[in-house]
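> Could you have a look at this structure, given as structure tokens, before my questions?
Every number in this text was worked out from the coordinates using simple rules, so none of it is lab data. For clarity, every value in this text was computed on a predicted model and none was experimentally measured.
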Amino acid sequence: MVNTKGQDAEAPEVFDAQAFNAEVFEAEGADGPPTAAEGGAATEGPTREALEAEAAMWKDRFVRLSADFDNSRKRSAREVEVQVRQQRERMISDWLRVVDGAERGLAQATERSGPWYEGALSLHKLMLDVLTRYGVEPIKAEGELFDPRFHEAIGMIPDPEKASGTVAFVQAMGFKSADDGRIIRPAQVIVVQ
């Protein structure tokens, strides 16, 4: 504070904690805070056992929270993986319908040569290549022995030239995952009686 009259300004009073404590204890009729020898609490703070118990409690809490976080992270990763797999399967299922349409178009072609037919064949091959790139491969069926794990029989025909139980021809191609061999769609086949 600036003294405008040229006189010395009074200095503000500083709080003296020791003097205050002495006044309080004198007013209560004591010489000072009770010591440990007089039955008072020790002034050093919490005991070693109390500190160790608190440290153990915080450590336990930290370990539990770390485990919860780790479990939550793993659960989230699994959920994302499931969603990605389901989305991939939906996309592949939609793509298989397009491939089926291309195969039906090729089967209906009256001429098996010419630029239109060659273009449709190369487009069909490109579609199969896309499936392969996404880890989907066709199931071998025609001429193979019928296997209910990979084939779905939609009919039977007599054929004395082929062995019984052999796949005579494929109505719709089947596909499986190249990664784990899981069947995406069984091949729909006609089997020899």
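> Below 27 Å, Cα to Cα, which lysines can K140 reach? Residues fewer than 8 away in the same chain don't count.
Correct list for K140: K125, K162, K176.
> Once you have the Cα-Cα distance between H124 and R85, take 0.36 nm times their residue separation minus that, and quote the gain in nm to one decimal.
The H124-R85 span can extend by a further 11.6 nm.
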